[in-house]
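The structure appears right after this line, and notes come after that.
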Amino acid sequence: MQSSKGDGQAAAVPVVNMRRSRMTGCRQAAWLLYHVGVDASALLFADEVDMEGLIMDQRASLLVVGQDVLRSNGEAGSVCTLLANDHSEEAYALLQSLDIKKLLLAGILLDTNNLSKMCSEKDTEAVRSLLIGTSEHKRHELFQQCNLLIFV
């Protein structure tokens, strides 16, 4: 969501597209957010924002990012791959953050089952790019940590 400030500037405010109460069932996402230092209480969820009212009053505009919007045409097995590749030039500074890299990497690894047969070359390239400066071992370690949360 982009909200207009009184001074004519806009501020981007991410809104998680689910009810806050569902977050307890998303252990992997909750762990990842905690692991990279995001305070879940500071996030906005879809059930907490009157998007329709804000848009109707022209106080906000909506940018939807997700699998239904980012069409992959079979080129990638993960939406995170599309985000990492398609927006890397626009968000170069953002992709320098180790936490953002870790979130994207975890998304790709979970979506492709740690680059199994269902992954594409683009997924593999994105993982390789996100792992620059670290070891291949980190990839497997992160995937195992995320998968352990399913069975807890």
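Derivation of every value follows stated rules applied to the coordinates shown; laboratory data play no part. Treat the numbers as computed from the prediction; the structure is a model and nothing was measured. Don't worry about glycine lacking a Cβ; one is built from the backbone with ideal geometry, like all the others, and counts go over all protein chains shown.
Taking other C-beta atoms within 10 Å as the exposure proxy, L130, L43, L98 rank L98, L43, L130 from fewest upward. For W31 and N113, the difference between the fully extended length at 0.36 nm per residue and the C-alpha to C-alpha distance is 27.7 nm.
Taking each residue as 0.36 nm, the span from V15 to D39 lengthens on full extension beyond its C-alpha to C-alpha distance by 7.3 nm.
If R0 equals 22 Å, the separation of the Cβ atoms of S61 and L94 corresponds to a calculated FRET efficiency of about 0.65.
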